[in-house]
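Peer 1: Shown below is the structure under consideration.
The values are calculated or read from the model by the stated rules, or taken from the named source; none is laboratory data. What you see is a predicted model, and the numbers here were worked out from it, not measured in a lab. Backbone-built Cβ (ideal geometry, glycine too); neighbour counts: all protein chains shown. Remember, those area values only see protein heavy atoms, side chains included, never the ligands or the DNA or RNA. Shrake-Rupley method; radii C 1.70, N 1.55, O 1.52, S 1.80 Å.
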Amino acid sequence: MQDLRYPDSLTLARQLAGDLANRMRKSIEARGRVCIAVSGGQTPVAFFQALAQQQLPWDKVLITLVDERWVPETDPASNARLVREHLLQQQAAQAYFLPLKNSAADPVAGFMECENRLHEQIIRLDYAVLGLGHDGHTASWFPHSAALANAMSSSNAAWCCPVTDAPQHLQRMTLTWNLLSGCRHLFLHFEGPDKDAVFAAANDPAQLHDNAAMPVRTLLSQGDVPLSIYRTGVA
């Protein structure tokens, strides 16, 4: 695990965008296309804007979401809206965007369509940038959620999973560990001393395998996929 720290949010965003773009460029040169997944919330906005400025053959890029709230794209809570407003801009507007939300009434009803679209459009997810919640969640893997058995299990063949017991009563669709574990590289992106404290608690050696309590440990305790931590602060 690589733990990288930067003095401020803008420097962090630019560095993460540059590092990811370099990897994306190499993947396109080697295989002709690249597939990435990004997270929502406010933390990634500066990163999205910096990534949109990178010189890439964007028409060879597929972008999807790590997770999505089951709301229309016109809703301020929509991660798809965030991506369209801040990442799919300038040359990056040429990228193909694959949302997780569809027209079904809820994520349970929309699961099969979402699953089929992922398999139709993605051979392998190359890179994913995930966030960290104050409760130790990442993606839409929430502590002790009923969805965790499907979302984090390596034996579950599905690439996405409906989450109906998320906090604040917003149902969601999330990518599963089964899909994320096939990435070439994973990134965990967060900022601030409060998130540093959550990260430190998640890395407590005595609790590291209690994934249900802090689901981000699924990323931290595995050794199959290279993981880079991008955060603000001084080591």
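Peer 1: Using a 1.4 Å probe, what is the accessible area per residue for region 125-235, in Å²?
Peer 2: 38 Å²
Peer 1: Across all directions of projection, what mean area in square nanometres is found for the Cα convex hull of the chain?
Peer 2: Approximately 11.8 nm², given one-decimal rounding.
Peer 1: Output the DSSP H helices from the chain with an along-axis C-alpha extent of no less than 27 Å and a mean Kyte-Doolittle hydropathy no less than -1.0.
Peer 2: Correct list, ordered by number: 9-31.
Peer 1: Along its principal axes, what span do the Cα atoms of region 29-98 show, with the longest given first and each in whole Å?
Peer 2: Rounded to whole Å, the extents work out to 36, 20, 17 Å.
Peer 1: Calculate what fraction, in whole %, of the accessible area of the chain sits on carbon and sulfur atoms when a 1.4 Å probe is rolled over the protein chains.
Peer 2: Whole-percent figure for carbon plus sulfur exposure: 49.
Peer 1: While we're on this one: Would you mind getting me the FRET efficiency between T74 and N102? Use the beta-carbon distance for r and R0 = 22 Å, nearest 0.05.
Peer 2: Details: r = 15 Å, r/R0 = 0.69.
Efficiency, rounded to the nearest 0.05: 0.90.
Peer 1: Rg/Rh for region 63-165 to two decimals, with Rh computed the Kirkwood way over all alpha-carbon pairs. Don't jump to the answer; show the numbers that get you there.
Peer 2: Details: Rg = 13.9 Å, Rh = 14.8 Å.
For region 63-165, the value is 0.94.
Peer 1: On the first, second and third principal axes, largest extent first, how far apart are the outermost C-alpha atoms of region 1-133 in Å?
Peer 2: Extents along the principal axes: 42, 33, 32 Å.
Peer 1: To continue, here is another question. How much mean residue ellipticity at 222 nm does the chain get from its helices, if each DSSP H run of length 4 or more adds -39500 (n - 2.57) and you divide by all residues, to the nearest 500 deg cm²/dmol? Don't skip to the answer; put the middle values down first.
Peer 2: Numbers: 8 runs with 76 residues, N = 235.
One gets -9500 deg cm²/dmol as the mean residue ellipticity at 222 nm.
Peer 1: Here's a follow-up. How many angstrom lie between the Cα centre of region 181-235 and the Cα centre of region 1-67?
Peer 2: Using only Cα atoms to place each centre, the spacing works out to 18 Å.
Peer 1: Next question. Apply the Debye scattering formula to region 168-223, with a single equal point scatterer on each alpha-carbon and no solvent, then give log10 I(q)/I(0) at q = 0.13, 0.16 Å⁻¹.
Peer 2: -0.41, -0.62
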